[in-house]
1. Name the pairs: first residue in region 86-111 and on the phi > 0 side of the Ramachandran plot, second residue modelled with pLDDT of 95 or more and surrounded by fewer than 22 Cβ atoms within 10 Å (Cβ to Cβ), Cβ to Cβ under 8 Å, at least 6 apart or on different chains?
2. Could you tell me which residue of region 98-137 is surrounded by the fewest Cβ atoms within 10 Å (Cβ to Cβ), considering only residues that are of a type in the set (Asp, Glu) and farther than 19 Å from residue 84 by Cα?
3. Which ranges mark the strands (runs of 3 or more DSSP E) fully within region 59-165 that have 2 or more residues being of a type outside the set (A, V, I, L, M, F, W, C)?
4. Only one of these is under 11 Å from the mean Cα position of the chain (by Cα), hydrophobic (A, V, I, L, M, F, W, C) and within 13 Å of residue 127 (Cα to Cα): 96, 61, 83. Name it.
5. Please pick out the residue among 35, 4, 18 that is open to solvent by 30 Å² or more (accessible area, probe 1.4 Å) and at pLDDT below 75.
6. From (1) open to solvent by 10 Å² or more (accessible area, probe 1.4 Å); (2) modelled with pLDDT of 90 or more, pick out the condition that doesn't hold for residue 95.
7. What do you reckon, is residue 55 hydroxyl-bearing (Ser, Thr, Tyr), modelled with pLDDT under 65 and closer than 30 Å to residue 78 by Cβ?
8. With respect to residue 193, is the statement that it is at pLDDT 50 or above, of a type in the set (Val, Ile, Thr), in contact with a helix residue (DSSP H, G or I) (Cβ under 6 Å, 6 or more places away or on another chain) and surrounded by 14 or more Cβ atoms within 10 Å (Cβ to Cβ) true?
Amino acid sequence: MAFTVPAPRPAPDGAVRTHVRDVARWYEYRLGWATADDGPAAGPAPYPASAQLATGLRFDVLDLPAPAGLATLRRLPGGQGPVALSGCHGRLWLLVAAGSAEELPGLLDWLEWNGVGLDLAVRGADRRIPAPTPPGWDGPGVPGAAVWLRAPVPGREVEPTLPGMPALPGPSSPGPPGHPARTGYGSEGPGLVRLVAVAAAECHRHRLLAARHPRQGATAQRLAFS
């Protein structure tokens, strides 16, 4: 699976501000997603100027290094939820069911990853991420802008496609003690338990690769954007 992120082109500040407003309106009116004007975005600062998508309402966001995220997608080809790539800090964002941020610590503990530095997080209530440029838009070429690898579809509810914990009919994944077998919101694709298990393993592998072979780790980071 190869993804290409187009090289950004510089744009005047006025064009960037207009683009940010237009992007926010697109998400609000075409998808019904909440946007925010200011405040901290997900991940390290600074992010380039962009509209901000509020998390914890329609969806949460699983945030992990791009090479680990791309490896996760290759191992879970049946996933349906939207996925974005941030060119600013090399992060992959997978949209998951709202409430997943509260589930993650318990899942990692049950999967025996608790206490391991995975560089894996979920952005939930009162957080946000920079909004990727809507599919089909050229945009003003803001350096480091996020892009969709698997874009949301206007007119379709996003919730049925998101990995989550509710028990619904469909292929199930085993849940932690005290929870029944779970699936994602959709009847196809992985549930949150399976997604977190694979993502944690790939984050750990990426961390070991970077620690043992710094040059190979840097190469893997570059390949994520080629």
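The values are calculated or read from the model by the stated rules, or taken from the named source; none is laboratory data. No experiment lies behind these values; they were computed from the predicted model shown. Here the Cβ is made from the backbone with ideal geometry for all residues, glycine too, and neighbour counts use every protein chain on show. The accessibility values were calculated without ligands, DNA or RNA, using every heavy atom of the protein model including side chains. Shrake-Rupley method; radii C 1.70, N 1.55, O 1.52, S 1.80 Å.
1. Hits for this filter: 99/124.
2. 112
3. 59-65, 128-130
4. So the residue among 96, 61, 83 that is under 11 Å from the mean Cα position of the chain (by Cα), hydrophobic (A, V, I, L, M, F, W, C) and within 13 Å of residue 127 (Cα to Cα) is 61.
5. Sole residue among the options that is open to solvent by 30 Å² or more (accessible area, probe 1.4 Å) and at pLDDT below 75: 4.
6. Against the list (1) open to solvent by 10 Å² or more (accessible area, probe 1.4 Å); (2) modelled with pLDDT of 90 or more, residue 95 comes up short only on (1).
7. So residue 55 does not fit the description; no.
8. No.
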